[in-house]
Amino acid sequence: MGRWRDGFGVLVVKPEGGEARRVPLEIASSYRARTKGLLGRDAVEGALLLTPANSVHTFRMRIPIDVAYLDRRLRVIAVRTMRPGRLGLPRLRARHVLEAEAGAMAGWGLAPGAEVEVGTESGGAPGRAGTGGPADAAGAAG
């Protein structure tokens, strides 16, 4: 697959020592979709994946959000809750960012060290190292 496209899919959260959980996912990979992100929304169903990305802001957002920074192998580097009107610091190792309503990620067991997989609506294999997702492209580049 190489890269994800804008659209919908499923996020599989694999917490350390916990049971995997499936979460509805929206994928924003184009510049336009990443720029819009969650702006103007009052709620989020599931999560939004911004790729490529290593930082976010919450200017003009209406709700507080959870933000998870993912490395190229889709392992969680850090999770933060951000109120509207904030600027997040870039994470040097981050290649992707997940956004969800504040408190949702704790409920999914998403914490530093957890792994995630991304499945697309088209039925393609989940994206993670060794499966043709963006982790492979990033791994080949560096």
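Values quoted throughout were computed directly from the atomic coordinates according to the rules given, and no laboratory measurement underlies them. Since the structure is predicted, the reported quantities are computational estimates derived from the model, not experimental observations. When we count neighbours, we look across all protein chains shown, and the Cβ atoms used for this are built from the backbone with ideal geometry, even at glycine.
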Which cross-chain or sequence-distant (5 or more) residues have an amide H under 5 Å from the amide H of ALA78, H modelled 1.01 Å from N in plane?
-> TYR69
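How much FRET efficiency would the formula 1/(1 + (r/R0)^6) give for THR81 and GLU16, where r is the Cβ-Cβ distance and R0 is 22 Å, rounded to 0.05? Working shown, then result.
Working: r = 20 Å, r/R0 = 0.91.
Rounded to the nearest 0.05, the efficiency is 0.65.
State the antiparallel share, in %, of DSSP beta bridges confined to the range 7-132, rounding to the nearest 5. Present the calculation step by step, with values, prior to reporting the outcome.
Details: 32 of 36 bridges.
Expressed as a percentage, antiparallel bridges in the range 7-132 total about 90.
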Scalar couplings 3J(HN,Hα) for the range 85-102 by Karplus 6.51 cos²θ - 1.76 cosθ + 1.60 (θ = phi - 60°), nearest whole Hz, x for Gly and Pro, are x, 10, 10, x, 6, x, 9, 4, 8, 6, 10, 9, 10, 9, 10, 7, 4, 3
So how do 82-94, 11-23, 64-76, 47-59 stack up, highest first, on mean other-Cβ count within 10 Å?
-> 64-76, 47-59, 11-23, 82-94
